[in-house]
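Trainee: Pasting a structure here, questions to come.
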Amino acid sequence: MRPIDSAKISVRGVLAVLLTLAFAPSLVFSKENAQNPAPAESSSTAEWRKLTDAEKDQIRSNFREWKRLSPEERTELKERYRRFRDLPPERKVELKRRFEHYQRLTPAQKMELKDRVKRFQGLPKEERVRRIERIRERRGRRER
């Protein structure tokens, strides 16, 4: 399986697609059908009906984006979602906090961060491991 092009799929995109997957069964309803569902309403349909039109439009857009992904990209995103879902609650909170921090960065700061990540990924494995260990040591000292 080829790796996902991280430039093509942003963190925001991943989260948007994951949200879409949660509502995917309801996407078959048009706006009219969502307001007049069949008598045996599923829980996902009930949740869909609670959304605003803007939220529904965003989910439809995300779903279209999902459909444009290759099967390999979809598989990778599903695996990332599974790994996230299985994380301990405190780790999820930390990742969400970091994501929110990332969202507040300026476009220039985001570009600088992406450049730094690319440079890091280009380092030999031993050097990456050494740097990660150094970062963990510094964090450990700060938490004491």
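Trainee: Taking the condition farther than 23 Å from LYS118 by Cα, at pLDDT 90 or above and not charged (D, E, K, R), does ALA40 pass? First the steps, then the outcome.
Mentor: Numbers: farther than 23 Å from LYS118 by Cα: yes; at pLDDT 90 or above: no; not charged (D, E, K, R): yes.
Spelling it out, it is not the case that ALA40 is farther than 23 Å from LYS118 by Cα, at pLDDT 90 or above and not charged (D, E, K, R).
Trainee: Quick one: is LEU87 without any contact (Cβ under 8 Å) to a residue 60 or more places away in the chain, more than 17 Å from the chain's Cα centre (by Cα) and surrounded by 12 or more Cβ atoms within 10 Å (Cβ to Cβ)?
Mentor: Working: without any contact (Cβ under 8 Å) to a residue 60 or more places away in the chain: yes; more than 17 Å from the chain's Cα centre (by Cα): no; surrounded by 12 or more Cβ atoms within 10 Å (Cβ to Cβ): yes.
No: the conditions fail for LEU87.
Trainee: Taking LEU19 and the conditions (1) surrounded by 13 or more Cβ atoms within 10 Å (Cβ to Cβ); (2) modelled with pLDDT of 80 or more; (3) closer than 25 Å to GLU100 by Cα, which numbered condition does it fall short on, given that it satisfies the others?
Mentor: (2)
Trainee: Would you pick out the residues in the range 90-130 that are without any contact (Cβ under 8 Å) to a residue 40 or more places away in the chain, polar (S, T, N, Q) and in a helix (DSSP H, G or I)?
Mentor: Scanning the range 90-130 gives GLN109, GLN121.
Trainee: Turning to a different aspect of this structure: Quick check on my filter: what residues within the range 50-64 are in a helix (DSSP H, G or I) and of a type outside the set (Lys, Arg)?
Mentor: Scanning the range 50-64 gives ASP53, ALA54, GLU55, ASP57, GLN58, ILE59, SER61, ASN62, PHE63.
The values are calculated or read from the model by the stated rules, or taken from the named source; none is laboratory data. Here the structure is a predicted model, which is why all the values come from computation and not from measurement. Note that we place each Cβ from the backbone using ideal geometry, even for glycine, and neighbour counts take in every protein chain shown.
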